[in-house]
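Engineer: Please read through the structure below; I'll follow up with questions.
The values are calculated or read from the model by the stated rules, or taken from the named source; none is laboratory data. The structure displayed is predicted, hence computed values, not measured ones. Glycine gets a Cβ as well: all are built from the backbone with ideal geometry, and neighbour counts include every protein chain shown. Note: areas computed on protein heavy atoms with side chains; ligands, DNA, RNA excluded. Shrake-Rupley method; radii C 1.70, N 1.55, O 1.52, S 1.80 Å.
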Amino acid sequence: MAGREPAYIAGAFEHPTREAPNKSTMQLHAEVAKGALADAGLTKDDVNGLFTAGVPEYRSGLSPLVIADYLGMDASYVDTTDYGGSSYVAHVGHAVSAIRNGKCDVALVTLAGRPRSRGQATGSGAREVRTVQDSFERIYGATNITMYGMAARRHMHEYGTTSEQLAEIRVAASQHAQHNEHAMFQDPVTVADVVESRVVADPLHLLDCCVISDGGGALVLVSEDVREDIDREAVEVLGHGEAPSHHDAGRIDVTRTGAESSGERAFAEAGLGPEDIDYASIYDSFTITVLEAIEDLGFCEKGEGGEFVEGGTLQAPDGDLPFNTDGGGLCSNHPANRGGMTKVIEAVRQLRGEANPEVQVDADVALAHGTGGSIATRHGAATVVLGREGR
Amino acid sequence: MTWEPRPVPEVNPETERYWQAAASGDLLVRECPDCGLVYHYPRSLCPDCFSENVEWRETTGRGEVYSYSTARTMSGWPEDDLPLVVAYVELDEGPRLMTNVDADPEDVAVGTRVEVQFVDTEDEDVSIPVFAPVED
């Protein structure tokens, strides 16, 4: 997005709760919207762009209607692109486009949900057969974890990746989570803890999987004009890319993800490359999700992700590629089973110098990447490159 | 949701022939004579060239395990069917299809040669292809 009018993330808010038995999903949407607007120094009446996806209790395509209704919000522009967990990373790019085209100048992106309180056993539950694709996949008991398990198995087969290497990803996340008072799991774990945890779907163990949490988050994006009127450090959106990736008529390669395309597009738009990234938020539904994304975003060669993550590479503040310094979905929060929102929020915190002090990185440029759906069938990939103002 | 004896797929006009063939012991794929693509899952136009001139093709029912994962726990699935090997099998004709491998998980590896078998559903016109290891 170099050479074009800048657009900014001016507000970011992560709901502090991880379990909300006594709240409604809409209430959580409202609380995160209020939090992000307060963070930006703006009010509800300033919002004219509404970006949201997947209110689970409602028909997904109607999410913006129920949200606008509940919040009493007028909007001149609405986007409800639903890529699963990558949606909220995509929404950042979509909001920037809408702002640049004069369709809105204050865009609100929200996510909320209560899968934990609703007793959803994410990842290991057999699902109802509802689509043509389900009839060729879900009828075989293909759960989220078995599908990511297939990705991990093939990666191990082709590249010699080990369970211990995947475990390094959880170890780094847990090192960060110990400094996050809101994280669901705050105790650091070792490689042995991960590989000795119960196998859920070979070769993935319980600690290779993310948490199930209630909560949500919101972002506020603004135009240059609005940016000049508010007294708050903002983050510039430098580049955005996205890509749906799928079964490809039977030619699927489960070791590769849409991050190859979404990352390349985001870097091209930013005029930057992986070597310029000081901090990375990478969607971590499972450890293998991170490993494949790291390779596909170009932080290392394909197949070398296992070696790359060894030796504390991902650990803040001293690793070469500090990642998910809030503890990520693996240890802290995976609100509504959709991790893209918290990926952007922690990247914003890093660029504003508001991460937890023990994991704060000296970051000028950060990346946030989302993966939604399943890398073993079809998924959305969305990447944004963000920059500190005056960097 | 019916899980016993097996989940029943949603049969539609595009896929009816596939499921009925399975009930007769044949595994079909789609082939596009215009561009040569052999593909799965079945659909009425070629996803590469958009030709609607696509044909059904019988397969040998043989292939090898491309990848697999063994579900040790699964809510909503019969306990007796666990552990369950969920796999992608790459057919000798080309396409990779998701399926189960009916075997002790210890006897399954990437590259294991497998052959199709068919499992009944509650709908007598519909059977589901799964695979089992085979000596080549």
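Engineer: Could you give the semi-axes, largest first, of the ellipsoid that matches segment A:1-155, computed as the square roots of 5 times the alpha carbon gyration tensor eigenvalues and rounded to whole Å?
Structural biologist: On the way: eigenvalues 199, 79, 44 Å².
So the equivalent ellipsoid measures 32, 20, 15 Å along its semi-axes.
Engineer: Next question. Largest first, please: the extent of the C-alpha atoms of segment A:81-172 along each principal axis, to the nearest Å.
Structural biologist: Principal axes ranked by extent give 49, 34, 29 Å for the Cα atoms.
Engineer: In the Gaussian network model of chain B, springs joining C-alpha atoms below 10 Å, which of B:33, B:105, B:13 carries the largest mean-square fluctuation?
Structural biologist: Of B:33, B:105, B:13, the most mobile in the Gaussian network model is B:13.
Engineer: Please find the FRET efficiency linking residue A:24 to residue A:362, where r is the Cβ-Cβ separation and R0 is fixed at 35 Å, and quote it to the nearest 0.05.
Structural biologist: On the way: r = 41 Å, r/R0 = 1.17.
About 0.30, to the nearest 0.05.
Engineer: Label-point separation (nm) for residue B:135 and residue A:34, each offset 7 Å from Cα along Cα-to-Cβ?
Structural biologist: 7.2
Engineer: While we're here: What does the average come to when, for each residue of peptide A:191-203, you count the partner chain Cβ atoms lying within 10 Å of its Cβ? Numbers along the way, then the final one.
Structural biologist: Numbers: counts 0, 0, 0, 0, 0, 0, 0, 2, 6, 6, 10, 10, 2.
The mean count of partner-chain Cβ atoms within 10 Å per residue comes to 3.
Engineer: Which value in deg cm²/dmol, rounded to the nearest 500, describes the helix-derived mean residue ellipticity at 222 nm for chain B, given -39,500 (n - 2.57) per DSSP H run of n ≥ 4 and division by the residue count?
Structural biologist: Values: 1 runs with 8 residues, N = 136.
Result for chain B: -1500 deg cm²/dmol, rounded to the nearest 500.
Engineer: Rounded, prolate or oblate: which fits chain B when a ≥ b ≥ c are the square roots of the eigenvalues of the alpha-carbon gyration tensor, with rounded for a/c under 1.5 and prolate only if a/b beats b/c?
Structural biologist: Details: a/c = 2.06, a/b = 1.38, b/c = 1.49.
Taking the square roots of the gyration eigenvalues as a ≥ b ≥ c, chain B is oblate.
Engineer: Among B:106, B:55, B:115, which one shows the biggest mean-square fluctuation in a GNM of chain B, springs joining Cα atoms closer than 10 Å?
Structural biologist: Of B:106, B:55, B:115, the most mobile in the Gaussian network model is B:106.
Engineer: Okay, next question. Give the distance, in whole Å, between the Cα centre of segment A:198-234 and the Cα centre of segment A:249-298.
Structural biologist: Between the Cα centre of segment A:198-234 and that of segment A:249-298, the gap is 17 Å.
Engineer: What quantity of accessible surface, computed with a 1.4 Å probe and excluding non-protein components, is buried in total between chains B and A, in Å² to the nearest 100? Could the numbers behind the result be given before it?
Structural biologist: Working: alone 7940 and 14930 Å², together 19420 Å².
About 3500 Å² of accessible surface is lost on pairing.
Engineer: Skip the ligands, DNA and RNA, and give the accessible area per residue of segment B:29-84 with a 1.4 Å probe, whole Å².
Structural biologist: Working: 2600 Å² over 56 residues.
Value for segment B:29-84: 46 Å² per residue.
Engineer: Still on this structure, I have one more. Output the lone cysteines of the protein assembly as shown: those with no second cysteine's C-beta under 4.7 Å from their C-beta.
Structural biologist: Lacking a cysteine Cβ partner under 4.7 Å: A:104, A:209, A:210, A:300, A:331.
Engineer: Setting aside same-chain residues fewer than 8 positions from residue A:34, which lysines have a Cα under 18 Å from its Cα?
Structural biologist: Partners within reach: A:23, A:44.
Engineer: For the protein assembly as shown, report the translational diffusion coefficient in µm²/s to the nearest whole number, using Stokes-Einstein at 37 °C, 0.692 mPa s, and a Kirkwood Rh over Cα pairs.
Structural biologist: Working: Rh = 23.6 Å.
D = 139 µm²/s.
Engineer: How would A:240, A:246, A:369 line up by accessible area, probe 1.4 Å, largest first?
Structural biologist: The ordering from most to least exposed comes out as A:246, A:240, A:369.
Engineer: What are the semi-axes of the equivalent ellipsoid for segment B:11-91, taken as the square roots of 5 times the Cα gyration tensor eigenvalues, largest first, in whole Å? Please report the intermediate quantities before stating the final value.
Structural biologist: On the way: eigenvalues 171, 44, 32 Å².
Working through the eigenvalues yields semi-axes of 29, 15, 13 Å.
Engineer: Name the residues of segment B:117-136 whose amide N is less than 19 Å from a point 7 angstrom out from the Cα of residue B:12 along the C-beta direction?
Structural biologist: From segment B:117-136, the list is B:126-127.
Engineer: Give the carbon-plus-sulfur fraction of the accessible surface of segment B:30-136 in %, rounded to a whole number; probe 1.4 Å, heavy atoms of protein chains only.
Structural biologist: 37
Engineer: Suppose R0 equals 60 Å. What FRET efficiency, 1/(1 + (r/R0)^6) with r the Cβ-Cβ distance, do residue A:157 and residue A:97 give to the nearest 0.05?
Structural biologist: Calculated value: 0.90.
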